Amino acid sequence: MTELINARQLEGGYGRLAVIRGVDLVLKPGEVVCVLGANGAGKSTLLLTIAGVLPLIAGELEVLGEPVRGGKAFQVARRGVSVVPEGRGLFYRLTVGDNLRLRRHRGSTIATAQVLDYFPALKPLLGRKAGLLSGGEQQMLALAGALIADPKLIMLDEMSLGLAPIVVEQLLPIVRTIANERGMGVLLVEQHVRAALQIADRGIVLAHGQVVAEGTAESLRHDAELLEASYLGDRDAIAEAEGNGLL
Ligand code: ATP
């Protein structure tokens, strides 16, 4: 298996209402791919469809080499997929240490000490309740929890929500380092476009549930105008960019 995610003409949504349509996405080990787009563009819906939480309405989807049909998130998780949801998914009344112990499983090849080396700020906080941590520390714990489950693929939904830009700028490079050192694939849903494109390999931009732009992070970084137009879902601008060979 060379692809962690292979989605072709993916359609997903709520009930029979398709929110994302015609999405093609490939993600390989060690790659960081960011999903960008305005509020309501369908970023979380895409992530939840790939995670098997939402039903697959149409298209084909393979995660870690096996088909996903939707509605069976636990099966996808068991294959080696960690999802950090928008709300961070922590047990706020439990300590940092207990949150980590809960996510670790017998087959994990990564030791707690190795995980904490990526997040040294958590070391003195192991005995503190997760609910008493700062937003940035909670997000570190959410990332550490995802990592300690020893996944092949991590999907992060708006990890920067509610965090100061400086905290986001500290956390995202850690994600890059983890992908480089552990060979994990990372699918990153992010509103902080600039910061995400600094650490990603590639990006796709969604507007109204469809991919309106995609490319290497470098090409997206250097074409702010195109990115902006994509955000507004301005298809004429995209067509023009395509005509000019920019896409
Ligand atoms: P944001 O950045 O604001 O989180 P997003 O790009 O992640 O936005 P989604 O949360 O995927 O967007 O939402 C895409 C569309 O799906 C929106 O129009 C939203 O109203 C709709 N939607 C989201 N959740 C549901 C739901 N449970 N039932 C029906 N429609 C939903």
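Laboratory data are not the source of any read-out in this text; all were calculated from the coordinates shown. All figures in this text were calculated on a predicted structure; none of them were measured in a lab. Every residue, glycine among them, receives a Cβ derived from its backbone with ideal geometry; neighbour counts consider all protein chains shown.
At-a-glance table
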read-out: Rg/Rh for the chain, where both radii come from Cα atoms and Rh is the Kirkwood radius; value: 0.97
read-out: Between the stretch 52-118 and the stretch 136-207, the Cα center-to-center distance that results, in Å; value: 14 Å
read-out: Exposure proxy ranking, count of Cβ atoms within 10 Å, fewest first, for Arg69, Arg88, Arg101; value: Arg69, Arg101, Arg88
read-out: Kyte-Doolittle mean at least 0.0 and Cα axial length at least 24 Å: DSSP H helices in the chain; value: 165-182
read-out: Choice from Glu169, Glu137, Glu181 showing the highest fluctuation, given a GNM over the chain with Cα pairs closer than 10 Å; value: Glu181
read-out: Residues of type lysines that Lys129 reaches as a straight line, Cα spacing below 30 Å, ignoring anything fewer than 8 places off in the same chain; value: Lys152
read-out: Ala207 long-range amide H proximity, modeled H, under 5 Å; value: Val212
read-out: Mean separation of Cα contacts under 8 Å, 6 or more apart, over the residue count of the chain: relative contact order %; value: 24 percent
read-out: Global geometry of the stretch 79-184, whether rounded, prolate or oblate, following the gyration tensor of its Cα atoms and the 1.5 cut on a/c; value: rounded
read-out: Largest-first principal axis extents, alpha carbons of the stretch 1-148, Å; value: 47, 33, 24
read-out: Sequence of Val19, Val63 once ranked by neighbouring C-beta atoms within 10 Å, starting from the fewest; value: Val19, Val63
read-out: DSSP-loop trypsin sites (Lys or Arg not before Pro) across the stretch 5-68, with at most 15 other Cβ within 10 angstrom; value: Arg16
read-out: The chain - mean residue ellipticity at 222 nm from DSSP helices (-39,500 (n - 2.57) per run, n ≥ 4, rounded to 500); value: -10500 deg cm²/dmol
